[in-house]
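Here's the structure, in structure tokens; my notes come after.
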Amino acid sequence: MRILFFGRGVISTQYAWAFEQAGHTVEFYVRKGRKETFGSTIELEMWDARKGKKLIQESWNVKLHEELLPDYDLIIASVNTEQLPEAAQFLSTAAGKTPILIFNNLWQDLKSSIAPLSMNNVVFGFPGAGGGIADNRLRGGFLKMIFLEKPRAGTEHTNQLVKDCFESAHFKISWVKDMQNWLWNHFAMNAAMETEVLKRGSFPALMNHRDSFANVGLNMREMIPVLKARGAKPDAISLLLTKIPPALLGILFNKVIFAKGSLPRLFVEYNNSKAGFAVLEVVREAKKLGIPLPRLTMAFGNTELHITKPSTP
């Protein structure tokens, strides 16, 4: 299968490597000027957890394009949430009828988030991976599981294509019945964590402060009315974060879920992205709904982020 990854970010790079190992042809679309900046190789230091726990260390040759060429079997777009509208606009004219997997977090409703792309040509999924890239060196890793929405009317062929692609590379698919609800809950969880990152200064600092996850639970409690007001139903993770007493939640996350040396913890510690966009989006929505979010709002103190007038959907 010939697969184009939209952008050469940490998620795209790791799955592209895995697909190439499975025999697929993988290429990347990057913005003008990035081909020279990125170069033709990237240094990999990533954990492959599809079968056990294997550290991959290599200099990987990549093929980059600054124009979107025809004749791909699948396009996978995994971009920063704030970049998705621009990416969708570009793909709506450049991708033709090539099936597209949107493989990242979303806060808007699915249809408007990818406009003017057709919902019939797009399926939504979410990676089980993390990490960061600095100085052309990727540090991160990926788990065996990825999340994919169950077929909607008209997307059966694309769902099957995506399923075949991931399973050929020995990934396991967790099928999501209501992807909209799943993504809203996951985005809120990210906002709860990013609120603490803004306070601590970095993702590694979040991991190394014992009160961080107790506060994540309190942040999530604050956001539940926002989720409910937009029609979302709190899922198992949201309920876990909000029903368990904060002190106990801190122990659970620090000692079990993000235990020292665990891959989920490493993925977060390697994350060098700028935090805050998820918090900003949730706070904007809360302001429109008239719901106070004092914990999230306070996190913007002494940062470069500003709460501006809500954007038009």
| message | Can you give the log10 of the normalised intensity I(q)/I(0) at q = 0.14 Å⁻¹, computed with Debye over equal Cα scatterers of region 87-126? | response | -0.26
| request: Whenever you get a sec, compute what percent of the accessible area on region 35-111 sits on carbon and sulfur atoms (1.4 Å probe). | output: 46
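Apply the a/c threshold of 1.5 to the C-alpha gyration tensor of region 123-282 and tell me whether it is rounded, prolate or oblate. Walk me through the numbers on the way to the answer.
Details: a/c = 1.88, a/b = 1.27, b/c = 1.48.
Here region 123-282 falls in the oblate category.
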| note | Which residues qualify? For F5, with a placed amide H closer than 5 Å and at least 5 residues away or on another chain, they are E27, F28, Y29, I76
| If you average the sequence gap of Cα pairs under 8 Å that are 6 or more apart and divide by the length of region 79-179, what percent do you get for the contact order? | 24
| said: With +1 assigned to the C-beta of every Lys and Arg and -1 to the C-beta of every Asp and Glu, and no other charges, what is the dipole magnitude of the chain about the Cα centre in debye, to the nearest 20? | reply: 900
| remark: Counting only protein heavy atoms with a 1.4 Å probe and every protein chain in place, the carbon and sulfur fraction of the accessible surface of region 151-304 in whole percent equals 58
| task | Could you work out the mean projected area of the convex hull around the alpha carbons of region 47-113, in square nanometres to one decimal? | result | 6.8
| Which whole-number percent of Cα pairs in region 207-294 have a distance greater than 19 Å? | 48
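If you count only protein heavy atoms with a 1.4 Å probe, what accessible area per residue comes out for region 137-242, rounded to a whole Å²? Working shown, then result.
Working: 4430 Å² over 106 residues.
Per-residue value: 42 Å².
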| task | Once you've got the Cα coordinates, tell me which of K53/K144; K53/K260; K97/K177; K111/K144; K111/K172; K144/K228 are over 21 Å apart. | result | K97/K177; K111/K144; K111/K172; K144/K228
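What number comes out for the charge environment of N80, summing +1 per Lys or Arg and -1 per Asp or Glu over other residues with Cβ under 14 Å away?
Working: positive: R8, R31, K274; negative: E82, E86, E194, E281.
Net charge around N80: -1.
Quick one: putting +1 on the C-beta of Lys and Arg, -1 on the C-beta of Asp and Glu, what dipole do you get for region 84-202 around its Cα centre, in Debye to the nearest 20?
Working: 12 positive and 10 negative charges, 42 e Å.
Here the size comes out at about 200 debye.
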| task | Take region 1-83, compute every pairwise Cα distance, and split them into 5 Å bins from 0; I just need the percent in each bin. | result | 3, 14, 25, 25, 19, 9, 3, 1
| What percent antiparallel are the DSSP beta bridges of the chain, to the nearest 5? | 35
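Let me know the charge dipole size of region 29-109 about its Cα centre in debye, to the nearest 20, where only the beta-carbon of Lys, Arg (+1) and Asp, Glu (-1) is charged.
Details: 10 positive and 12 negative charges, 50 e Å.
In total the dipole reaches around 240 debye.
Counting each DSSP H run of 4 or more residues in the chain as -39500 (n - 2.57), what helix-only mean residue ellipticity at 222 nm follows after dividing by all residues, to the nearest 500 deg cm²/dmol?
On the way: 13 runs with 131 residues, N = 313.
That calculation yields -12500 deg cm²/dmol at 222 nm.
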| field | Normalised contact order of the chain, rounded percent, pairs of Cα under 8 Å and 6 or more residues apart | value | 16
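The values are calculated or read from the model by the stated rules, or taken from the named source; none is laboratory data. All of these numbers come straight from a predicted model, not from anything done at the bench. Cβ coordinates were reconstructed from backbone atoms using ideal geometry, including for glycine residues, and neighbour counts include every protein chain displayed. Remember, those area values only see protein heavy atoms, side chains included, never the ligands or the DNA or RNA. Shrake-Rupley method; radii C 1.70, N 1.55, O 1.52, S 1.80 Å.
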